[in-house]
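The values are calculated or read from the model by the stated rules, or taken from the named source; none is laboratory data. What you see is a predicted model; the values in this text were computed from it and never measured. Because the Cβ atoms are built from the backbone with ideal geometry, glycine has one as well, and the counts that use them run over all protein chains shown. All accessible areas refer to the heavy atoms of the entire protein, side chains included, with ligands and DNA or RNA removed. Shrake-Rupley method; radii C 1.70, N 1.55, O 1.52, S 1.80 Å.
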Amino acid sequence: TTEIGLGIVGTPLSVALASAIPGTTTQSITYDTSAEYAVTVAAGAAIVASYISSQSALCPNQRYVLSGYSKGALVLHSTTLSSSLKAKVRAVLVFGDPARNINQPWPINSPSVDLAPRDGSSSSQNIASFCNFSDLFCYPLGVSLPAHLAYATDGSIGVAANFVKTRP
């Protein structure tokens with residue numbers, strides 16, 4: 001919430017993905033990141049879906065990794081893609097997802113969520129959900145804002161890049 005551009009998680013994630021998977025490029029989706037979670041999330045999801053649809057028309061063989069931190073994770077849950085566009089999504093990465101413990105939809109075919117990606121993943125899992133112990137927004141009964149702000153520096157970024165690298 002309130003971040004512009006790639007933000008505190010997206011910036012190091014972009015660098016890590018480019019290093020792990022040569023040729024990777026990153027696109028930040030701009031949407032209203034104010035502390036409102038209905039209209040702005042729906043609008044952000046529509047922008048994501050529109051971007052992927054347009055980009056897919058321009059580059060039909062392009063694959064996607066979708067990532068969201070905190071409110072960005074909520075945007076991904078609300079993103080509706082056609083089955084053919086979902087098939088182009090290689091992986092979904094979420095950090096500090098407020099809807100983590102709610103069965104929410106995902107913009108990927110055959111979603112399989114790894115709720116503990118730091119402990120390893122199976123090859124069938126295509127979603128990595130990072131939630132630090134006591135994170136105020138994703139951990140049940142979480143109380144720690146510092147835990148929510150730590151994903152960029154606690155090793156999660158490297159694990160996320162490796163998760164994507166090992167996906168087909």
Next item on the list: Sort by residue number and report every cysteine in the chain with no other cysteine beta carbon within a distance under 4.7 Å.
Entry: CYS59
Margin query: Suppose only helical runs count, i.e. DSSP H with n ≥ 4. What mean residue ellipticity at 222 nm does that imply for the chain under -39500 (n - 2.57) per run, divided by all residues and rounded to the nearest 500 deg cm²/dmol?
Written below: -10500 deg cm²/dmol
Check: Using a cut-off of 20 Å between alpha-carbon atoms, which aspartates and glutamates can reach LYS71, once sequence neighbours fewer than 8 places away in the same chain are excluded?
Finding: GLU3, ASP32, GLU36, ASP97, ASP114, ASP135, ASP154
Notebook entry, point to check: What span do the alpha-carbon atoms of region 1-143 cover on each of the three principal axes, reported in whole Å from largest to smallest?
Noted result: 44, 35, 28
Check: Pick from GLY158, GLY23, GLY96: which is most flexible by mean-square fluctuation in a GNM of the chain where alpha carbon atoms under 10 Å apart are linked?
Finding: GLY23
Next item on the list: In debye, nearest 20, what is the charge dipole magnitude of region 32-105 about its Cα centre with +1 on Lys and Arg Cβ and -1 on Asp and Glu Cβ, if you could check?
Entry: 340 debye
Note to self: Nothing charged except the Cβ atoms of Lys and Arg (+1) and of Asp and Glu (-1): what's the magnitude of the dipole of region 61-168 about its Cα centre? Round to the nearest 20 debye.
What the structure shows: 460 debye
Next item on the list: For region 44-153, with all protein chains present and a 1.4 Å probe, just round the carbon and sulfur fraction of the accessible area to a whole percent.
Entry: 57 percent
Notebook entry, point to check: Given a 1.4 Å probe, how much area per residue of region 109-168 is accessible, in Å²?
Noted result: 51 Å²
Item checked: Cα-based convex hull, region 116-168, per residue volume (Å³, whole number) -> 71 Å³
Check: Largest first, how would SER129, SER123 line up by accessible area (1.4 Å probe)?
Finding: SER123, SER129
Notebook entry, point to check: Given the Cα atoms of region 78-168, and with Rh set as the inverse mean 1/r over their pairs in the Kirkwood sense, what is Rg to Rh to two decimals?
Noted result: 0.97
Next item on the list: Between beta-carbons, use under 15 Å as the cut-off and find the net charge around LEU115, counting Lys and Arg +1, Asp and Glu -1.
Entry: -2
Checklist line | Selection from LEU13, VAL75, VAL164 lying farthest towards where the dipole of the chain points positive, charges on Cβ | finding: VAL164
